Structure formats: C-alpha cells, structure tokens
1. Which of the residues belonging to region 74-100 are within 14 Å of the chain's Cα centre (by Cα) and basic (Lys, Arg)?
2. Give region 78-106 a look and list any residue that's among the hydrophobic types (A, V, I, L, M, F, W, C) and at pLDDT below 90, or say none.
3. Just one of ALA72, ALA83, ALA103 is among the hydrophobic types (A, V, I, L, M, F, W, C), touching a residue at least 60 places away in the same chain (Cβ under 8 Å) and out of contact with any His (no Cβ under 8 Å at 6 or more places or on another chain); which is it?
4. Please pick out the residue among VAL38, VAL66 that is more than 23 Å from GLY20 (Cβ to Cβ), assigned to a helix (DSSP H, G or I) and among the hydrophobic types (A, V, I, L, M, F, W, C).
5. From (1) surrounded by 13 or more Cβ atoms within 10 Å (Cβ to Cβ); (2) farther than 18 Å from VAL178 by Cβ; (3) modelled with pLDDT under 90; (4) aliphatic (A, V, I, L, M), pick out the condition that doesn't hold for LEU67.
6. Checking the conditions here, which among ALA52, ALA47, ALA71 is within 15 Å of the chain's Cα centre (by Cα), aliphatic (A, V, I, L, M), part of a helix (DSSP H, G or I) and over 17 Å from ASP169 (Cβ atoms)?
7. Taking the condition out of contact with any Phe, Trp or Tyr (no Cβ under 7 Å at 6 or more places or on another chain), of a type in the set (A, V, I, L, M) and modelled with pLDDT of 85 or more, does VAL129 pass?
8. Name the residue, out of LEU136, LEU160, LEU140, that is at pLDDT 75 or above, surrounded by fewer than 15 Cβ atoms within 10 Å (Cβ to Cβ) and either within 11 Å of the chain's Cα centre (by Cα) or not hydroxyl-bearing (Ser, Thr, Tyr) (or both).
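The values are calculated or read from the model by the stated rules, or taken from the named source; none is laboratory data. A quick note: this is a predicted structure, and the numbers were derived from the prediction, not measured. Backbone-built Cβ (ideal geometry, glycine too); neighbour counts: all protein chains shown.
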Amino acid sequence: MNAADTVHALLTALFVGAAGYAVRHACAPSGGAWRGRVDHFLHAAMAVAMAAMPWGPVPSRMGQTVLFTAAALWFPLTPVRRAGESRSAATVRRLPSALGMTAMVWMLRTAHAPHALHHAPPAGSRVAVLLALCLLVCALWSLTRDMPVLRAGPGTSAVLRSPYGHFWDGSMALGAAVMLVMPH
C-alpha cells in the first residue's frame, strides 16, 4: 500500500465514522426539528460519497451533483435561529456546511475526469485551493472552539455544548480539504 492509498484509507475511516454519527443523530428519537434531521442526512450522504470517492469512478455523478448543489443551497436558505440570534447570524453559522457541500460538487466535477485537479487549468486549481483553505479555516475553528472551556479547569461551571458534533464537523471539513488537494 503506497502513501496515497494509506491516506485514502484513513480518510475513508474518518468519513464512515462521520456518516455514522450523522445518521445516528438524524434517526435519534429526540432528534429535534425536521430541518435538523435533514441537515444530518445531508451530512451523512456527503460523508458516504466522500468515503467512496477515492476508490473508483463515482456512480451517478449527475445525481450526486444535483443533490449536493441543492444541499449547498439548503444550508444558507434554511437558517434556524437560536434564542436572541438574528437571521443573518443564523445564516452565517450555516455557511461552513454550505461550503462543504460546494466543495463536494467541485470534487465531483473534477474527480476521475481526464482533467482532474493535478491536470486542471490554473483557474480550476485556484478554486480547489481556495475551497481547501476555507475548509481548513472551518476545520480549525470547529476543532478548537471548545478549547477555552476545556482549559477552564474542574472548578468551573462551563459546559460543552456539542463536543462530538464539533469534532465531526471539523473532521469532515479537514478531510474535505485534504481530498480537494490530493490527486484522485
């Protein structure tokens, strides 16, 4: 197994774990509002598609492109406001998910094609690098956002809101960033 296959195997394991987490939350009895369930199912679909992507040609590329394009629009167009949160703040909070879905559409456009990323014209490479950098920022933000609470110590009343959710969100963004810059 060469280095690229090892990275692909690790990414596949990561995406399968993320898909399991998303399906578990989408199907949970106390899963919340229907929009939250749709969000989790869309993340699960993306994780499954990304787990399979490195291993061969993508079946039904057009169907997946339509699904993930609709998902990229779904997240900013269906914000759910938290208490005291403005609509624009709720929309901004959902942009990392929309960005991930957009990256998925881009990868479907370039994966296993004769003009894949490493042979893409410079404009295509710039789009992939820009998406990867944005996803990297999202990943770092998601993976480190609870660190001040973790450093607070045992005598504080700080509570982590969703540590596993932040981990899987950050991991998906990081995995997508790696997939964008790796040749398939």
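1. Correct list: ARG93, ARG94.
2. Just the residues of region 78-106 that are among the hydrophobic types (A, V, I, L, M, F, W, C), to begin with: 80, 83, 89-90, 92, 95, 98-99, 101, 103-106.
Those that are among the hydrophobic types (A, V, I, L, M, F, W, C) and at pLDDT below 90: VAL80, ALA83, ALA89, ALA90, VAL92.
3. ALA103
4. VAL66
5. The one condition LEU67 does not meet is (3).
6. Values: ALA47 fails: over 17 Å from ASP169 (Cβ atoms); ALA71 fails: over 17 Å from ASP169 (Cβ atoms).
Of the residues listed, the single one that is within 15 Å of the chain's Cα centre (by Cα), aliphatic (A, V, I, L, M), part of a helix (DSSP H, G or I) and over 17 Å from ASP169 (Cβ atoms) is ALA52.
7. Judged against the criteria, VAL129 is a match.
8. Among LEU136, LEU160, LEU140, only LEU140 is at pLDDT 75 or above, surrounded by fewer than 15 Cβ atoms within 10 Å (Cβ to Cβ) and either within 11 Å of the chain's Cα centre (by Cα) or not hydroxyl-bearing (Ser, Thr, Tyr) (or both).
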